[in-house]
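Asks: I have a structure I would like to understand better, so I am pasting it below and will then ask my questions one at a time.
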Amino acid sequence: MSLLHTIYQFAVGPFQEFAFMRRALVATLALALSSAPLGVMLTLRRMSLFGEALSHAVLPGVAAGFIFFGLSLPALSIGGFLAGVIVVAVAGLISRHTELKEDASLAAVYVVALALGVILISGHGTQLDLLHILFGNVLGVDTEGLLLVAGVSSLSVLLMAGLYRGLLLESFDPTYLAASGARGTLYQQLFLMLVVMNLVASFQTLGTLMAVGLMMLPAVSARLWHDTLPAQLVNSAVQAGLAGYSGLMFSYYASVPSGPVIIVCAGGLYFLSLIFAPRGWLPRILRRPHLRA
């Protein structure tokens with residue numbers, strides 16, 4: 001009985017004792033529920049690096065919000081969202097009016113945006129402010145931030161459910177989608193807006209440099225486990241939630257920054273998937289003698 005009590009206190013005690021740990025856990029689980037499935041859709045569309053680019057693209061807007069309003073969550077969030085939308089629009093214009101593909105134009109624009117954001121924050125804030133925005137502070141999530149994350153997560157899940165069929169058709173057969181009277185570009189733009197929203201919601205907890213980690217690592221890992229898309233969506237959300245919980249626990253007991261540890265835990269699950277998942281290394285090795293026979 002004492003062993004079970006010790007395990008219980010180890011696994012649940014920090015969340016019972018501290019309100020900031022409970023808020024951090026709820027925020028991380030909410031992000032896992034929406035961000036990771038979006039990452040699966042990004043990998044399905046072969047747009048994995050778009051998430052990385054967009055996570056950096058929001059920085060100038062966050063910096064502008066910080067300069068005018070300080071560490072005000074609504075101002076930072078609105079600024080980040082507008083910056084992400086502008087970067088997506090500019091990249092789209094460049095790809096439509098030049099010979100550059102959209103991924104190339106986005107890569108060029110987001111690098112400039114990232115550098116501009118760092119310059120703005122460095123010139124108008126302290127080093128601590130820069131570190132807070134770049135790397136986040138999940139243990140510092142307040143009630144206002146928690147409501148933002150929960151609202152974005154809920155809206156994302158509802159919109160993904162409503163747009164599910166259109167997103168699949170736009171990914172696999174855009175010609176059929178256009179023939180059926182739907183506008184594929186509309187689905188793509190709505191989907192990218194969802195990605196930007198989730199990255200903006202994530203920057204307070206994981207920072208603009210780490211936000212994409214919880215979106216992409218579980219998504220890539222889930223593809224190693226399942227062939228069907230619904231299973232991948234569920235698996236990615238579960239892995240992201242597990243990484244969030246494990247990262248918070250490890251950071252609490254080891255006294256290390258929580259945001260990077262969460263991403264490292266997600267990377268650990270990805271590494272295990274690379275070895276043990278049905279599409280991973282070990283099953284492929286075990287199947288080789290059978291294939292030769």
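Asks: What list of ³J(HN,Hα) couplings, whole Hz, do you get for the range 200-207 from phi and the Karplus terms 6.51, -1.76, 1.60, once you set θ to phi - 60° and write x for glycine and proline?
Replies: My calculation for the range 200-207 gives 5, 5, 7, 5, 5, 8, 10, x Hz in order.
Asks: Something else about it: If you count only protein heavy atoms with a 1.4 Å probe, what accessible area per residue comes out for the chain, rounded to a whole Å²?
Replies: For the chain, the per-residue accessible area is 50 Å².
Asks: Ok, one more. Rounded if a/c is under 1.5, else prolate if a/b beats b/c, else oblate: with a ≥ b ≥ c from the C-alpha gyration tensor eigenvalues square-rooted, which is the chain?
Replies: Since a/c reaches 1.5 but b/c is at least a/b, the shape of the chain is classed as oblate.
Asks: Then there is this: So for each of 53-64, 76-87, 110-121, 161-172 I average, over its residues, the number of other beta carbons within 10 Å; can you give me the resulting order with the highest mean first?
Replies: 53-64, 76-87, 110-121, 161-172
Asks: Output the relative contact order of the chain, whole-number percent, from Cα pairs under 8 angstrom with separation of 6+ residues.
Replies: Computed over the chain, the figure is 26 percent.
The values are calculated or read from the model by the stated rules, or taken from the named source; none is laboratory data. Since we're looking at a predicted model, the values are computed, not measured. Virtual Cβ from ideal backbone geometry, glycine too; neighbours counted across all protein chains shown. Accessible surface is based on the protein model in full, side chains and every heavy atom, while ligands, DNA and RNA are left aside. Shrake-Rupley method; radii C 1.70, N 1.55, O 1.52, S 1.80 Å.
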